[in-house]
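For reference, the structure is listed below as structure tokens.
Where a number appears in this text, it was derived from the coordinates with a stated rule and is not lab data. What you see is a predicted model; the values in this text were computed from it and never measured. Neighbour counts are summed over all protein chains in view; Cβ atoms, including those assigned to glycine, are modelled from backbone coordinates with ideal geometry.
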Amino acid sequence: MAERSPLDYSDRIGRLEGITEQINDRLGSLERRIDSVKSDLEAQIGSLKSDLESQIGSLKSDLERRIDRLEDSHRRDFRWLLGTMIGMWATMMGLLATVTVKVFSG
């Protein structure tokens, strides 16, 4: 086996350093691309978040309006029901009073 000279080692070391520099450059490029994608994603997420918050606010106000209309409708229905029940009670009391007067008067 032939002995290697220090020039062979320095040549190999030089090639390894070149390879290392290429790897560092490629990794740096990847880091920059990842940072760019990260920034884009953060911007998109922020935009989506604000859109979602505005949609939720709109749906919330729509739901509150519907609940208010439903409460008004229930109050109106309850007043009609109560009025009908009082009317029926008054009619029954009137009939009862009429029958009582007719029975005891003659």
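If the only charges are +1 at each Lys and Arg Cβ and -1 at each Asp and Glu Cβ, what is the size of the charge dipole of segment 19-106 around the Cα centre, to the nearest 20 debye?
Here the size comes out at about 880 debye.
Any chance you could list the semi-axes, whole Å, largest first, of the equivalent ellipsoid that the Cα gyration tensor gives for segment 19-61, using √(5λ)?
Semi-axis lengths for segment 19-61 are 41, 5, 4 Å.
Which label belongs to the value computed from this structure, given these candidates for Cα Rg over 2.2 N^0.38 Å: (1) 1.49; (2) 1.27; (3) 3.45?
(3)
Kindly express, to the nearest 10 degrees and within the range 0 to 90, the angle between helix 6-105's C-alpha long axis and the longest C-alpha principal axis of the chain.
Taking Cα atoms only, the helix is inclined about 0 degrees.
So if I place +1 on the C-beta of Lys and Arg and -1 on the C-beta of Asp and Glu, and nothing else carries charge, what would the dipole magnitude of segment 54-103 be about its Cα centre? I want it in debye, nearest 20.
With Lys and Arg at +1 and Asp and Glu at -1, about 160 debye.
Mind checking the dipole of segment 12-52: about its Cα centre, +1 per Lys or Arg Cβ, -1 per Asp or Glu Cβ, Debye to the nearest 20?
Dipole of segment 12-52, to the nearest 20 debye: 200 debye.
Which net charge results when you count Lys and Arg as +1 and Asp and Glu as -1 among the other residues whose beta-carbon is under 14 Å from that of residue 75?
Around residue 75, the surrounding residues sum to -1.
Name the residue from 27, 44, 13 whose Cα lies farthest towards the positive end of the charge dipole of segment 1-80, charges +1 on Cβ of Lys and Arg and -1 on Cβ of Asp and Glu.
Going by the Cα projections, it comes out as 44.
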